[in-house]
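Before any comments, here is the structure.
The values are calculated or read from the model by the stated rules, or taken from the named source; none is laboratory data. Quick caveat: nothing in here was measured; it's all calculated off a predicted structure. Here the Cβ positions follow ideal geometry from the backbone for every residue, glycine too, while neighbour counts run over all protein chains shown.
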Amino acid sequence: MPKEKILNIDNLSFQELDTDAELIPLMTPEDEEEMNNEVLPAELPILPLRNMVLFPGVVIPITAGRDKSIKLINDANAGSKIIGVVAQKDESVEEPGAEDINTVGTVARILRVLKMPDGNTTVIIQGKKRFEIDQVIAETPYLTATVKEVNEVRPAKKDVEFNTIIESIKELAIQIIKESPNIPSEATFAIKNIESNSFLVNFVSSNMNLLVKEKQGLLATNDLKERALETLRYMNLELQKLELKNDIQSKVRFDLDQQQREYFLHQQMKTIQEELGGVSHDQEIEEMRQKAKAKKWNEKTKTQFDKELAKLQRMNPQAADYGIQRNYIELLLDLPWNVFSKDNFDLKRADKVLHRDHYGLEDVKKRIIEYLAVLKLRNDMKSPILCLYGPPGVGKTSIGKSVAEALGREYIRISLGGLRDEAEIRGHRKTYIGAMPGRIIQSLKKAGTSNPVFVLDEIDKLSSSNYGDPSSALLEVLDPEQNSDFYDNFLELGYDLSKVMFIATSNNLATIQPALRDRMEIINMTGYTIEEKVEIARKHLLPKQIKEHGLTSKDVTIGKKQIEKIVSGYTRESGVRGLEKQIAKMVRSIAKSIAMEEEYNVKVTDEDIVKALGAARLERDKYENNDVAGVVTGLAWTSVGGDILFIESILSKGKGHLTMTGNLGTVMKESATIALEYIKANAEQLGIEQEVINNYNVHIHVPEGATPKDGPSAGVAMLTSLVSSFTQKRVKKNLAMTGEITLRGRVLPVGGIKEKILAAKRANIKEIILCEENRQDVAEINQDYLEGVTFHYVKFMDEVIKHAITNQSAKNARKL
């Protein structure tokens, strides 16, 4: 900002003060209107200025030396801070009276009062509005007068001539600033940013090199258009004087070599910045330009960078948008454009890493090895979008890190659970305050390469809100045909995501948007068998917990039988999270014994398990009631894996009505109705008397009534339960079944076979009845895990009855 020339209003010497930004406020039309609406006091203390004229809206510092002036300033500063400021007619008068001051002045507000080291008082004031002295009513202890407001005549907003005059004033002011060596070039920002026409005229008038009499004449002019025209005339004279002065100086001045001059200025700037502890604006721009030369971006990106860097170079570092612009350019420089890590094509090593970190999960491992094999042959294959789908705790998330290690790539993981703002994916536009890129671009910046392994965790738990739908924003990210030019709102450029290997995880496919699900390759990760859980516990969970609890392998040993006891008696899940908690509890018990120097068994026994974990809570002895007619074990699928359920039926005297309980869904109720109607239609073949069907009511119940149940797979179990009740013959022990039934007597295939079989294994089921078309599902399971289980594949309902119903009457069988 320019140095404001301050002339003492007493007999003090001329001095200059560096003014800061707040001395030239950029007054808006709203500010001006608010100022004009302020009520003018009826009386004002009058401060005479010796060689200065204050204009409305302008802020100036003045130095007071007269006792009267100091008294006036102190009194006003302690009170309303409002004073009247007028210029003296003759600056040589020491004690001006009513006749020595001009009648038109400016109401001013005291902003700050400073005590100077030389004993003088410097006060910073801001002009508010013009006034005219009506009558001086007191001269002691300082001048006081009654005043009245001077109204300003303003032209219409659409006055073309006046608007042209204003534009000319701005242009001339900028030329004068350029021509004057004493005014910093930064003053042009103040001129350009002034919105109020009246304030522009006042500001320029106040800062022109005019006599007090000439400035007073401008202040006393009521017509704003006339005052602007007069100001423009003075400015033309000022510019002509400056141009003539500069022309004369250039003829007598020694002309330095341009390069030497620039070098001298740059060295000065560099020294100043070093003293301040930073780098200069130009040096920072140059560093960015040099850094950009090493980037591997295309012509479009390079052009965008050069354009944005030039924009930053033109901006004032104090501008509000400077920080956003700088962040944008730094993002362009930090992103790994066309920077790729080298893939490790040692397939045997990759297979070894995957088997080392995860037991089982053969389908996932096979898919990764296939991808590596194709990539090794082609070296330009687009990365697949995999979605690992399965219950919690089966290793969906952790496998991503193993895949990254196997490929030799960087690993990134972001959790999408509960995400409901689209900008988290696509970023914010730069026009917003606090704008930043989306999490996809931010993560790639941190990774430092454009081909990391990117895990999108919990993709099924995305939610939408009034901030947009994040799952829809992911469509472009996860579409191999589109993500080669992914558009981020902050970046405003296409970024290639086609080499990124995205791995999404999900517990429930039903909640994923269909269009998004269609773009991913679904890999089903079912639960573990008991054998797999034992191996996982031995190789991974137990060593991990021993290390985390400060023990060594010499301090504790848990055998296979003991681990199997923990699995079967204390966990009921598809994954291994609950198993890890129980093992941790076991290890903590041993750690406590070691810390308290108590005796304990290094090799854990069954008794130690009961002592540490309590009595087994999940024993699978659920077949003692199979001696009763009508009890059948069914197999069910849940979101956390497979489970077993029981179908119970009982007969009572009545008229053949059917009743169902157990919180059953519509489909399950329909299965029961189909089973009963099939029995009525085929009673003779099933060995059931029609009289029994007509004279007995049937009640079907599925225990755990608080749990909602639905689906067609309980059809064969309901049919078997009803036949058992009508014939009063029991169902085989250790037998479970699943399958849908039709009125034609067919058995249809159902899903979730692996999870259901795993649940049956956990419950010590020995025989399972399945639809013939589910044979292929069983073939995909490791046959080692199916040892001890016999499968009966059926096509028709009579085959189900043949395998399930024994010829033995049930215990306490009723005579119907």
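Gln135 versus (1) over 30 Å from Thr188 (Cα atoms); (2) part of a strand (DSSP E or B); (3) touching a residue at least 40 places away in the same chain (Cβ under 8 Å): which is the lone unmet condition?
All conditions pass for Gln135, except number (3).
With the requirement that a residue be in contact with a Ser or Thr (Cβ under 6 Å, 6 or more places away or on another chain) and surrounded by fewer than 21 Cβ atoms within 10 Å (Cβ to Cβ), what does the range 51-89 give you?
Correct list: Pro61, Ile70.
So is Asp247 surrounded by fewer than 13 Cβ atoms within 10 Å (Cβ to Cβ) and acidic (Asp, Glu) or not?
Yes.
Any residue at all in the range 136-158 that is within 30 Å of Ala320 (Cβ to Cβ) and either buried (at least 18 other Cβ atoms within 10 Å of the Cβ) or charged (D, E, K, R) (or both)?
Among the residues of the range 136-158, at least one is within 30 Å of Ala320 (Cβ to Cβ) and either buried (at least 18 other Cβ atoms within 10 Å of the Cβ) or charged (D, E, K, R) (or both), which makes the answer yes.
Find the strands (runs of 3 or more DSSP E) located wholly in the range 625-716 whose residues include 3 or more that are aliphatic (A, V, I, L, M) and touching a strand residue (DSSP E or B) at 6+ places or on another chain (Cβ under 9 Å), and list them.
631-638, 641-653
Please determine whether any residue of the range 503-510 is of a type in the set (A, V, I, L, M), in contact with a His (Cβ under 9 Å, 6 or more places away or on another chain) and buried (at least 17 other Cβ atoms within 10 Å of the Cβ).
No, the conditions are met nowhere in the range 503-510.
Answer yes or no as to whether Arg538 is in the same structural domain as Asp479 (by TED's automatic domain parsing) and charged (D, E, K, R).
no
Is there any pair linking a residue in the range 648-664 that is in the same structural domain as Gln728 (by TED's automatic domain parsing) to one that is acidic (Asp, Glu) and assigned to a strand (DSSP E or B), with Cβ under 9 Å and at least six apart or on different chains, and which?
What qualifies is Gly662/Glu648.
When you go through (1) within 30 Å of Ala779 (Cα to Cα); (2) in contact (Cβ under 8 Å) with a residue 60 or more places away in the chain one by one for Asn338, which number turns out not to apply?
Checking Asn338 against (1) within 30 Å of Ala779 (Cα to Cα); (2) in contact (Cβ under 8 Å) with a residue 60 or more places away in the chain, the one that fails is (1).
Could you check the range 536-553 and list, in sequence order, the residues that are surrounded by fewer than 16 Cβ atoms within 10 Å (Cβ to Cβ) and assigned to a helix (DSSP H, G or I)?
Arg538, Lys539, Pro543, Lys544, Lys547, Glu548
Listed here are the residues, each with its yes/no results for (1) farther than 30 Å from Asp282 by Cβ; (2) within 28 Å of the chain's Cα centre (by Cα); (3) surrounded by 13 or more Cβ atoms within 10 Å (Cβ to Cβ); (4) modelled with pLDDT under 85.
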residue	(1), (2), (3), (4)
Glu308	no, yes, yes, no
Leu331	no, yes, yes, no
Leu335	no, yes, yes, no
Ser341	yes, yes, yes, no
Asn344	yes, no, yes, yes
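Quick check on the range 554-587: of everything there that is modelled with pLDDT under 85 and outside any helix (DSSP H, G or I), which residue is nearest to the chain's Cα centre (by Cα)?
Checking each candidate, the answer is Gly575.
Hey, among Val107, Val93, which residue is assigned by TED's automatic domain parsing to the domain that holds Lys225, part of a strand (DSSP E or B) and surrounded by 13 or more Cβ atoms within 10 Å (Cβ to Cβ)?
Val107
Within the set of pairs 6 or more residues apart or between chains, which connect a residue that is without any contact (Cβ under 8 Å) to a residue 24 or more places away in the chain inside the range 148-172 to a residue that is of a type in the set (A, V, I, L, M) with Cβ atoms less than 6 Å apart?
Partner pairs satisfying both residue conditions: none exist.
Can you go through Gly448, Gly417, Gly438, Gly393 and tell me which one is outside the structural domain of Ile536 (by TED's automatic domain parsing), small (Gly, Ala, Ser) and crowded, with 23+ Cβ neighbours inside 10 Å?
Being outside the structural domain of Ile536 (by TED's automatic domain parsing), small (Gly, Ala, Ser) and crowded, with 23+ Cβ neighbours inside 10 Å holds for just one of Gly448, Gly417, Gly438, Gly393, which is Gly438.
Filter the helices (runs of 4 or more DSSP H) completely within the range 723-816 down to those with at least 2 residues that are buried (at least 23 other Cβ atoms within 10 Å of the Cβ), in contact with a strand residue (DSSP E or B) (Cβ under 9 Å, 6 or more places away or on another chain) and of a type in the set (A, V, I, L, M, F, W, C).
It comes to 753-762, 797-804.
Yes/no per residue for (1) within 17 Å of Lys754 (Cβ to Cβ); (2) buried (at least 20 other Cβ atoms within 10 Å of the Cβ):
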residue: Gly360; (1), (2): yes, yes
residue: Val364; (1), (2): yes, yes
residue: Glu370; (1), (2): no, no
residue: Lys376; (1), (2): no, no
residue: Asn379; (1), (2): no, no
residue: Leu386; (1), (2): no, yes
residue: Tyr389; (1), (2): yes, yes
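Here is a yes/no grid of residues against (1) of a type in the set (Lys, Arg); (2) farther than 18 Å from Asn36 by Cα:
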{"site": "Ala76", "(1), (2)": "no, yes"}
{"site": "Gly84", "(1), (2)": "no, no"}
{"site": "Ala108", "(1), (2)": "no, no"}
{"site": "Arg112", "(1), (2)": "yes, yes"}
{"site": "Asp118", "(1), (2)": "no, yes"}
{"site": "Gly127", "(1), (2)": "no, no"}
{"site": "Gln135", "(1), (2)": "no, yes"}
{"site": "Val150", "(1), (2)": "no, no"}
